1. Amide H neighbours of ILE64 under 5 Å, counting only residues 5+ apart in sequence or on other chains, H built in-plane at 1.01 Å?
2. For the range 58-70, in order, what is each residue's ³J(HN,Hα) by Karplus, 6.51 cos²θ - 1.76 cosθ + 1.60 with θ = phi - 60°, in whole Hz (x at glycine and Pro)?
Amino acid sequence: MSRPGNLKLFISYAWKDDQPFVERLYSDLRLGYDPWMDKEKMPSRGRPLAREVEEQLEACDRVIAVMGPEAMASEACRCRHRDKRYSKSSESSGSVTAPSAGTR
């Protein structure tokens, strides 16, 4: 298991949601962790986003899901949170909690 300063965090969010919040979260997390946010850390905009996201999910220690209204409506975000890559509990002592949408 990684030490907190080396802990790789993947920040999942919908681009249309909470951009200022996610940017602040990323900035704050950088003080003690190694967060990954597509807008800040993609090595090349020439790579397909889906491939980059998949690679970063495989490499991360934890996932932080920011689930605003657009993320809850996004099939890509909902699928990602159900994906097996979010279930690394056999590899670590951490747990994953995926929020669910309530009825409106």
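Just so you know, all these numbers are worked out from the coordinates, no wet-lab data involved. Just so we're clear, the structure is a prediction, and the values are computed from it rather than from any experiment.
1. Residues meeting the amide H criterion: PHE10, ILE11, SER12.
2. Ordered by residue, 3J(HN,Hα) equals 5, 8, 7, 8, 9, 10, 10, 9, 9, 10, x, x, 5 Hz.
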